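**Q** There's a structure below that I have some questions on.
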Amino acid sequence: MTDSVRDDAAGTRPRRLPHRWPTLAAVALVVVTFVDGVPPVGLLAGLLAVMPVCYLLFGAFRGELRGSRVLAVQLAGLAGFTAMAALALAVDEKLGLRMVAVGWLAHGIWDILHHRSGRVVPRAWSEWCAVVDVGGALAILTLA
């Protein structure tokens, strides 16, 4: 077996760059989204509120929300990220953008935790979303 494609008992993954397609796609999305500056705070806040809905949908389709604890954690995430988005819309635009950036960064951490656990959403999704969220948060803070 070659170095680029390994499949041992420990479950190691290939080391080739194509394996990182979610990261590459996420970086491209961040660049395209922020190339002309920061999108409106309303759009960014709306995306922050929609992100956890995707996790609930994935979890439901994958049958991973059956445990009350898993569902409660996902619903808490939905409530928290939606509250942050609503607060960002209730303040002036400059502060709202900073709040959205903090929310996106927090969601990036949420994604990393999901990626490490391998539960609720596919690992490729959580990887992609973590890069979009953290990259987007940094772009918002840098460009706003």
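**Q** Do we find that Gly42 is modelled with pLDDT of 95 or more and in a helix (DSSP H, G or I) in this structure?
**A** Answer is no for this residue.
**Q** May I pose another question? Check His107 against each of (1) under 22 Å from Val31 (Cα atoms); (2) open to solvent by 40 Å² or more (accessible area, probe 1.4 Å); (3) under 13 Å from the mean Cα position of the chain (by Cα); (4) at pLDDT 95 or above and name the one condition it does not meet.
**A** Evaluating His107 over (1) under 22 Å from Val31 (Cα atoms); (2) open to solvent by 40 Å² or more (accessible area, probe 1.4 Å); (3) under 13 Å from the mean Cα position of the chain (by Cα); (4) at pLDDT 95 or above leaves (2) as the failure.
**Q** Going by the structure shown, is Ser126 without any contact (Cβ under 8 Å) to a residue 12 or more places away in the chain and either of a type in the set (Gly, Ala, Ser) or open to solvent by less than 50 Å² (accessible area, probe 1.4 Å) (or both)?
**A** Details: without any contact (Cβ under 8 Å) to a residue 12 or more places away in the chain: no; either of a type in the set (Gly, Ala, Ser) or open to solvent by less than 50 Å² (accessible area, probe 1.4 Å) (or both): yes.
It is false that Ser126 is without any contact (Cβ under 8 Å) to a residue 12 or more places away in the chain and either of a type in the set (Gly, Ala, Ser) or open to solvent by less than 50 Å² (accessible area, probe 1.4 Å) (or both).
Per-residue answers, yes or no, for (1) open to solvent by 60 Å² or more (accessible area, probe 1.4 Å); (2) at pLDDT 85 or above; (3) part of a helix (DSSP H, G or I):
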{"site": "Ser4", "(1), (2), (3)": "no, no, no"}
{"site": "Asp8", "(1), (2), (3)": "yes, no, no"}
{"site": "Pro18", "(1), (2), (3)": "yes, no, yes"}
{"site": "Leu29", "(1), (2), (3)": "yes, no, yes"}
{"site": "Leu47", "(1), (2), (3)": "yes, yes, yes"}
{"site": "Leu57", "(1), (2), (3)": "yes, yes, yes"}
{"site": "Ala83", "(1), (2), (3)": "no, yes, yes"}
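**Q** Same structure, new question: Look at Val102 and say whether it is of a type outside the set (Phe, Trp, Tyr), touching a helix residue (DSSP H, G or I) at 6+ places or on another chain (Cβ under 8 Å), open to solvent by 30 Å² or more (accessible area, probe 1.4 Å) and in contact (Cβ under 8 Å) with a residue 24 or more places away in the chain.
**A** yes
**Q** I've got another one for you. So if I check each of Arg69, Arg98, Arg116, which one is charged (D, E, K, R), assigned to a helix (DSSP H, G or I) and over 18 Å from the mean Cα position of the chain (by Cα)?
**A** Of the residues listed, the single one that is charged (D, E, K, R), assigned to a helix (DSSP H, G or I) and over 18 Å from the mean Cα position of the chain (by Cα) is Arg69.
The values are calculated or read from the model by the stated rules, or taken from the named source; none is laboratory data. All figures in this text were calculated on a predicted structure; none of them were measured in a lab. Glycine gets a Cβ as well: all are built from the backbone with ideal geometry, and neighbour counts include every protein chain shown. These area figures cover heavy atoms from the full protein model, side chains too; ligands, DNA and RNA do not enter into them. Shrake-Rupley method; radii C 1.70, N 1.55, O 1.52, S 1.80 Å.
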